[in-house]
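Asker: Below are the structure tokens for one structure; questions will follow.
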Amino acid sequence: MSEIKQHEIENLFWLTLKDGNVRLATINLEPGNKVYTERLVTIQNVEYRTFDPFKSKLGAAIFQKMQAFPFSKNSKILYLGAASGTTISHISDIIGNEGLIYSVEFSPRSMRDLVTVAERRKNIIPVHADARFPEEYSMIVPMVDIIYEDVAQPSQAEILNSNVQTYLKKGGYFFLAVKARSIDVTKDPKIIYNEVKNELQSYGLNILEVIDLEPYEKDHVMIVGQKQ
Ligand SMILES: C[S@@+](CC[C@H](N)C(=O)[O-])C[C@H]1O[C@@H](n2cnc3c(N)ncnc32)[C@H](O)[C@@H]1O
């Protein structure tokens, strides 16, 4: 029989499957519906979705013992680089119907998939825009508690800073998934991480932790900070 146990972090769970394997999980806000290849398991009338750290950098950061986890019921989040909504769907489960995720994506194809997910999940607001130009979505996005960015672009630190300055509340948290190979394939990833960290600090941003995402994502870190 499958078993469920509360994770150390609120609204996350450890799900033991029938075969004995243990998975991270969230409660499915939209029971019966999958968003990617996750498994759905019902225990005592509650449906859980497995949260795959190989498919989500947020999932990977949780497995790597990230300290800051401000996502909670009713959080307002600006998410840059939404893709088809894999990670967003778990944040959507965690924050529930009182929260909102303004989900920015510039690829029309990914946007179509995201809109399908958002039709069922009312806390996801798809925003078809380019994150390099935060003023483009000022009519839609308010001040938020969290900014999460995963755009895999060389200018990612600059994009983060302009969005933090425009939309992040004082005391709010930011998360930046850094893919070394999107910046320079020839350089040692450690040098790249330091350069990104230094660039963020040069904008006056306060960094709390830098989490290596291996073995889930090769040559990636998650940088976490807080606006002062
Ligand atoms: C690595 S994927 C994101 C995966 C997603 N965060 C997840 O975990 O489910 C990067 C996404 O960022 C989008 N992207 C890249 N640059 C962007 C920009 N300037 N504005 C908006 N979206 C961007 C890409 O189209 C792509 O879908």
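Asker: It is to be established whether one or more residues within segment 147-159 are closer than 21 Å to Gln226 by Cα and more than 17 Å from the chain's Cα centre (by Cα).
Answerer: yes
Asker: Considering Leu213, Leu168, which residue is in contact with a Phe, Trp or Tyr (Cβ under 8 Å, 6 or more places away or on another chain) and modelled with pLDDT of 95 or more? Spell out how you get there, then give the answer.
Answerer: Numbers: Leu213 fails: in contact with a Phe, Trp or Tyr (Cβ under 8 Å, 6 or more places away or on another chain).
After ruling out the rest, the residue left standing is Leu168.
Asker: Checking the conditions here, which among Ala152, Ala177 is open to solvent by 20 Å² or more (accessible area, probe 1.4 Å) and near the ligand (Cβ under 10 Å from one of its atoms)?
Answerer: Numbers: Ala177 fails: open to solvent by 20 Å² or more (accessible area, probe 1.4 Å).
Of Ala152, Ala177, the one residue that is open to solvent by 20 Å² or more (accessible area, probe 1.4 Å) and near the ligand (Cβ under 10 Å from one of its atoms) is Ala152.
Asker: Checking the structure you have, find out if any residue of segment 27-37 is open to solvent by less than 30 Å² (accessible area, probe 1.4 Å) and within 12 Å of the ligand (Cβ to nearest atom). If you could, list the steps in order and put the result at the bottom.
Answerer: Going through segment 27-37, the residues open to solvent by less than 30 Å² (accessible area, probe 1.4 Å) turn out to be 28.
After this cut, where a residue has to be within 12 Å of the ligand (Cβ to nearest atom) as well, the list is none.
Checking segment 27-37: not a single residue is open to solvent by less than 30 Å² (accessible area, probe 1.4 Å) and within 12 Å of the ligand (Cβ to nearest atom).
Asker: Okay, moving on. Write out, first by first residue and then by second, each pair whose Cβ atoms fall under 6 Å of each other, whose residues are 6+ apart or on separate chains, and whose first residue, in segment 175-202, is without any contact (Cβ under 8 Å) to a residue 60 or more places away in the chain while the second is within 16 Å of the ligand (Cβ to nearest atom) and open to solvent by 70 Å² or more (accessible area, probe 1.4 Å).
Answerer: Ile183/Pro154
Asker: Just one of the numbered conditions (1) within 9 Å of the ligand (Cβ to nearest atom); (2) open to solvent by less than 50 Å² (accessible area, probe 1.4 Å) is not true of Leu168; which one?
Answerer: Among (1) within 9 Å of the ligand (Cβ to nearest atom); (2) open to solvent by less than 50 Å² (accessible area, probe 1.4 Å), the lone unmet condition for Leu168 is (1).
Asker: Those residues that are among the small types (Gly, Ala, Ser), near the ligand (Cβ under 9 Å from one of its atoms) and in a helix (DSSP H, G or I), I need them from segment 97-123; list them, please.
Answerer: Selection gives Ser110 alone.
Asker: Now for a different question. Quick check on my filter: what residues within segment 38-51 are without any contact (Cβ under 8 Å) to a residue 24 or more places away in the chain and open to solvent by less than 40 Å² (accessible area, probe 1.4 Å)?
Answerer: Answer for segment 38-51, where residues must be without any contact (Cβ under 8 Å) to a residue 24 or more places away in the chain and open to solvent by less than 40 Å² (accessible area, probe 1.4 Å): Glu38, Glu47.
Asker: For segment 1-20, what are the residues that are in a loop (DSSP other than H, G, I, E, B) and surrounded by 11 or more Cβ atoms within 10 Å (Cβ to Cβ)? Steps first, answer last, please.
Answerer: Initially, segment 1-20 is screened for residues in a loop (DSSP other than H, G, I, E, B), giving 1-2, 7-12, 17-20.
Once the filter is applied, which keeps residues that are in a loop (DSSP other than H, G, I, E, B) and surrounded by 11 or more Cβ atoms within 10 Å (Cβ to Cβ), segment 1-20 yields Ser2, His7, Ile9, Glu10, Asn11, Leu12, Leu17.
Asker: Could you tell me which of the residues Ile192, Ile159, Ile146, Ile207 is at pLDDT 95 or above, buried (at least 17 other Cβ atoms within 10 Å of the Cβ) and more than 10 Å from the ligand (Cβ to nearest atom)?
Answerer: Numbers: Ile192 fails: at pLDDT 95 or above; Ile159 fails: more than 10 Å from the ligand (Cβ to nearest atom); Ile207 fails: buried (at least 17 other Cβ atoms within 10 Å of the Cβ).
It is Ile146.
Asker: Further question: Inspect all residues belonging to segment 95-106 and state whether any of them is over 21 Å from Glu10 (Cβ atoms) and open to solvent by 30 Å² or more (accessible area, probe 1.4 Å). Before the answer, list the steps.
Answerer: Start the filter on segment 95-106 by keeping residues that are over 21 Å from Glu10 (Cβ atoms), which leaves 102-106.
Adding the requirement that they be open to solvent by 30 Å² or more (accessible area, probe 1.4 Å) leaves 106.
Within segment 95-106, one or more residues are over 21 Å from Glu10 (Cβ atoms) and open to solvent by 30 Å² or more (accessible area, probe 1.4 Å).
The values are calculated or read from the model by the stated rules, or taken from the named source; none is laboratory data. Remember, it's a predicted structure, so these values are computed and weren't measured experimentally. Reconstructed Cβ throughout: ideal geometry from the backbone, glycine too, with neighbour counts over all protein chains shown. Quick note on the areas: whole protein, heavy atoms, side chains included, nothing else; ligands and nucleic acids left out. Shrake-Rupley method; radii C 1.70, N 1.55, O 1.52, S 1.80 Å.
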